[in-house]
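> Attaching a single structure in structure tokens format; questions to follow.
Each reported figure results from applying straightforward, stated rules to the coordinates on display, with no laboratory input. As the structure is a prediction and not an experimental result, all values here were calculated from the model. Heads up, the Cβs are rebuilt from the backbone with ideal geometry, glycines too, and the neighbour counts pull from every protein chain shown.
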Ligand code: SF4
């Protein structure tokens with residue numbers, strides 16, 4: 001049974017629910033830093049409605065924050081929203097020998113909800129938000145709590161609803177995986193785990209997948225110690241496999257839909273996203289029921305080439321360049337040519 005709980009924060013709970021050995025990296029990566037910047041803009045915008053974009057803000061991050069503020073205000077139905085760090089501080093007693101503390105992104109006590117702003121793809125935040133819900137239900141003496149996840153890149157909102165019992169069950173399940181001391185379980189968060197370079201379970205799983213390829217399947221393999229030519233082979237192998245991933249998935253989907261039982265595979269029917277064609281906003285804008293500025297912000301940025309093509313007279317100083325990045329290109333050996341071979345006449 002483990003006792004060191006010093007690393008346990010709300011944000012690690014969903015990872016612990018997958019693997020009790022998960023540990024966070026000490027330094028936030030670029031994606032987390034971007035999320036923090038959007039978060040700061042979101043808090044500022046909630047506090048100061050109508051605030052202009054700060055000079056050092058990234059326009060895309062600014063739009064993301066503005067979208068999240070608009071959604072939060074819609075969900076508040078006119079009740080005040082608190083996005084201050086002090087107002088959104090949460091603490092929950094009784095789960096560990098110490099308090100578990102955290103900070104939500106927004107709190108609307110009048111409507112009994114809190115919200116967290118998330119960038120990137122959708123993931124499960126059920127355990128983290130369950131902990132926040134417990135703290136809020138304690139604080140506001142209520143039995144039910146709603147949490148909205150504002151996915152600012154995806155422009156979508158996910159809703160969690162908890163009773164005190166359901167929230168406590170989710171959090172305790174995550175903590176019991178850490179307490180239980182069971183073996184590491186490979187999962188979708190492994191790539192972020194501080195143990196990922198040395199974790200034996202992960203290496204075994206790598207070896208398991210590499211074995212049929214004949215590539216080195218040594219479970220003790222540490223990528224940082226592998227010679228460069230072998231790493232190039234690894235990158236090429238991954239790329240080759242990735243390029244067949246879609247096809248393999250489509251075949252599996254067709255087989256499942258045809259009724260084949262495949263262990264570990266299931267199909268989930270998802271509703272299509274409901275959308276509005278931007279052109280249909282013209283009438284509501286002219287009628288004054290949709291604000292033109294808000295509509296333009298929601299539609300987002302356009303590429304320079306598109307703007308130049310549509311409106312050649314747009315002034316140069318409106319064009320800005322998003323930060324570039326350094327990319328690694330690994331050339332593929334023996335790449336099959338797509339051109340048919342020339343036949344030699346005899
Ligand atoms: S890398 Fe290992 S310890 Fe980390 S989450 Fe994956 S299985 Fe668990």
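> So, in nm, how far is label residue 154 from label residue 329 when the simple model puts each one 7 Å beyond its Cα toward the Cβ?
Inter-label distance under the simple model: 3.3 nm.
> In addition: At 7 Å along the Cα-to-beta-carbon direction for both residue 23 and residue 205, put a label point, then send me their distance in nm to one decimal.
Using points 7 Å along Cα→Cβ, the separation is 1.9 nm.
> In addition: Taking neighbour Cβ counts within 10 Å as the exposure measure, how do 132, 238 sort from fewest upward?
Fewest-to-most Cβ neighbours within 10 Å comes out as 238, 132.
> Nearest-5 percent of antiparallel DSSP beta bridges in the chain?
75
> Across segment 233-293, how large is the tail of the calculated P(r) beyond 14 Å, expressed as a percent of all Cα pairs?
That tail contains 74 percent of the Cα-Cα pairs.
> May I ask you to sort 280, 329, 21 by Cβ crowding, counting other Cβ atoms within 10 Å and putting the fewest first?
By the 10 Å Cβ count, ascending, the order reads 329, 280, 21.
> Relative contact order (percent) for segment 43-111, with alpha-carbon contacts under 8 angstrom and 6 or more residues of separation?
Across segment 43-111, relative contact order equals 32 percent.
> Ok, one more. Can you show me the helix-derived [θ] at 222 nm for the chain, built from DSSP H runs with n ≥ 4 at -39,500 (n - 2.57) apiece and divided by the number of residues, rounded to the nearest 500.
Roughly -12500 deg cm²/dmol at 222 nm, from the helical runs in the chain.
> Per the Kirkwood definition applied to all pairs of different Cα atoms, how many angstroms is the hydrodynamic radius of the chain?
Hydrodynamic radius (Kirkwood, Cα only) of the chain equals 24.5 Å.
> Which order do 118, 270, 309, 253 fall in if you start with the one that has the fewest other Cβ atoms within 10 Å?
Final ranking by Cβ density, sparse to dense: 270, 309, 253, 118.
> Against the empirical 2.2 N^0.38 Å scaling, what ratio does the C-alpha Rg of segment 106-193 come to?
1.20
> Calculate the FRET efficiency for residue 166 and residue 99 from the Cβ-Cβ distance with a Förster distance of 22 Å, rounded to the nearest 0.05.
Result of the calculation: an efficiency of 0.55.
> Within the P(r) computed for segment 150-193, what percentage of the Cα pairs occupies the region above 11 Å?
So the pairs more than 11 Å apart make up 77 percent of the total in segment 150-193.
> With the cut-off at 1.5 for a/c, could you classify segment 8-97 from its C-alpha gyration tensor as rounded, prolate or oblate?
Taking the square roots of the gyration eigenvalues as a ≥ b ≥ c, segment 8-97 is oblate.
> While we're looking at this one, here's another question. Rounded to a whole number of µm²/s, how large is the Stokes-Einstein D of segment 10-179 at 20 °C and 1.002 mPa s, given Rh as the Kirkwood radius over C-alpha pairs?
130
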